[in-house]
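Novice: Here it is, the structure in full.
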Amino acid sequence: MKTSIIIIDDHQLFREGVKRILDFESSFDVVAEGDDGSEAMDLVETHKPDVVIMDINMPNMNGVEATKMLVSRYPETKVIILSIHDDENYVQHALKTGAQGYLLKEMDADALIDAVRVVAEGGSYLHPKVTHNLVKEYRRLAAEEGADRDSVHAVEIRRPLHLLTRRECEVLQLLADGKSNRAIGETLYISEKTVKNHVSNILQKMNVNDRTQAVVLAIKNGWVEVK
């Protein structure tokens with residue numbers, strides 16, 4: 001079965017670009033488009049989509065308000081927020097309303113496709129840059145709650161070679177650095193397809209659902225550095 005998708009964004013050109021990318025995937029079906037949060041409610045009622053891709057800043061009803069209502073009324077529909085803001089306060093607020101994904105509008109096509117697939121399958125997906133910012137915030141809070149900041153950052157990094165290969169450890173570190181699949185491939189001189197295979201292996205071995213969970217678990221265990 002195809003993943004049915006609704007796109008909500010008040011910028012028509014951007015919305016059309018997102019649709020064009022999704023239309024290239026045979027397993028996706030964009031069933032409707034809208035330009036504000038109130039319209040999103042009507043479209044979801046009509047089409048009952050698997051995933052809604054929602055701009056955060058829109059007239060009449062913004063994406064956060066619409067997400068809160070959608071999640072309450074249609075819990076089977078998953079929401080991915082689109083935003084220009086990478087500040088952790090925006091991200092956390094969006095996630096608290098029930099969004100399963102948060103993408104920056106500077107995303108590439110692969111990130112958009114990956115996000116829809118992961119969220120449709122019940123996982124969560126954050127833009128790599130957003131993940132990195134949240135990880136830095138996590139370390140800051142950990143420093144405040146525990147020992148002083150210098151000692152937290154001085155923790156010896158122990159790569160999980162008992163669990164992952166050396167190459168997978170390198171990929172995990174680059175995920176923590178906020179790198180996209182393309183950037184990881186360029187750094188390690190490997191193809192994006194190979195990067196995706198490594199990420200899938202990492203998630204399976206770490207028994208997590210998505211990249212964000214993998215990075216947070218790696219931070220907790222002292223497996224990666226936070227720069």
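Novice: Restricting attention to the stretch 189-227, report how many residues are touching a residue at least 12 places away in the same chain (Cβ under 8 Å), aliphatic (A, V, I, L, M) and within 26 Å of residue 109 (Cα to Cα).
Specialist: 6
Novice: Looking only at the stretch 5-13, decide whether some residue is closer than 20 Å to residue 125 by Cα and either in contact (Cβ under 8 Å) with a residue 60 or more places away in the chain or loosely packed, with under 15 Cβ neighbours inside 10 Å (or both).
Specialist: yes
Novice: Additional query: Can you tell me which of 79, 31 is assigned to a strand (DSSP E or B), open to solvent by 30 Å² or more (accessible area, probe 1.4 Å) and either in contact with a Ser or Thr (Cβ under 7 Å, 6 or more places away or on another chain) or free of Cβ contacts under 8 Å to residues at least 24 places away in the same chain (or both)?
Specialist: 31
Novice: Separate question: Considering only residues that are assigned to a loop (DSSP other than H, G, I, E, B) and modelled with pLDDT of 90 or more, look in the stretch 57-76 and name the one that is least open to solvent (accessible area, probe 1.4 Å).
Specialist: 74
Novice: Just one of (1) farther than 20 Å from residue 118 by Cα; (2) modelled with pLDDT under 90; (3) of a type in the set (A, V, I, L, M, F, W, C) trips up residue 215, so point out which.
Specialist: (1)
Novice: Under 6 Å by Cβ, and 6 or more places apart or on different chains, what pairs join a residue from the stretch 84-103 that is under 16 Å from residue 125 (Cβ atoms) with one that is part of a loop (DSSP other than H, G, I, E, B) and small (Gly, Ala, Ser)?
Specialist: 100/124
Novice: Next question. Please go through the stretch 190-227 and give me each residue that is among the small types (Gly, Ala, Ser) and surrounded by fewer than 13 Cβ atoms within 10 Å (Cβ to Cβ), ordered by number.
Specialist: Answer for the stretch 190-227, where residues must be among the small types (Gly, Ala, Ser) and surrounded by fewer than 13 Cβ atoms within 10 Å (Cβ to Cβ): 191, 200.
Novice: Only one residue in 107, 41 is surrounded by fewer than 21 Cβ atoms within 10 Å (Cβ to Cβ), among the hydrophobic types (A, V, I, L, M, F, W, C) and over 22 Å from residue 123 (Cα atoms), so which one is that?
Specialist: On inspection, the qualifying residue turns out to be 41.
Novice: Report every pair of residues separated by at least 6 positions or lying on different chains whose Cβ atoms are under 6 Å apart, first residue within the stretch 110-125 and part of a loop (DSSP other than H, G, I, E, B), second modelled with pLDDT under 85 and open to solvent by less than 10 Å² (accessible area, probe 1.4 Å).
Specialist: 123/210; 124/210
Novice: Given the conditions (1) under 18 Å from residue 75 (Cα atoms); (2) open to solvent by 60 Å² or more (accessible area, probe 1.4 Å); (3) modelled with pLDDT of 95 or more, which single one is not true for residue 51?
Specialist: (2)
Novice: For the stretch 1-26: of the residues being in a loop (DSSP other than H, G, I, E, B) and in contact with a strand residue (DSSP E or B) (Cβ under 7 Å, 6 or more places away or on another chain), which is nearest to residue 103 (Cα to Cα)?
Specialist: The qualifying residue nearest to residue 103 (Cα to Cα) is 9.
The values are calculated or read from the model by the stated rules, or taken from the named source; none is laboratory data. All values reported here derive from a predicted model rather than from experimental measurement. Backbone-built Cβ (ideal geometry, glycine too); neighbour counts: all protein chains shown. For the accessible areas, the whole protein counts, side chains as well, though only heavy atoms, and no ligand, DNA or RNA atoms are used. Shrake-Rupley method; radii C 1.70, N 1.55, O 1.52, S 1.80 Å.
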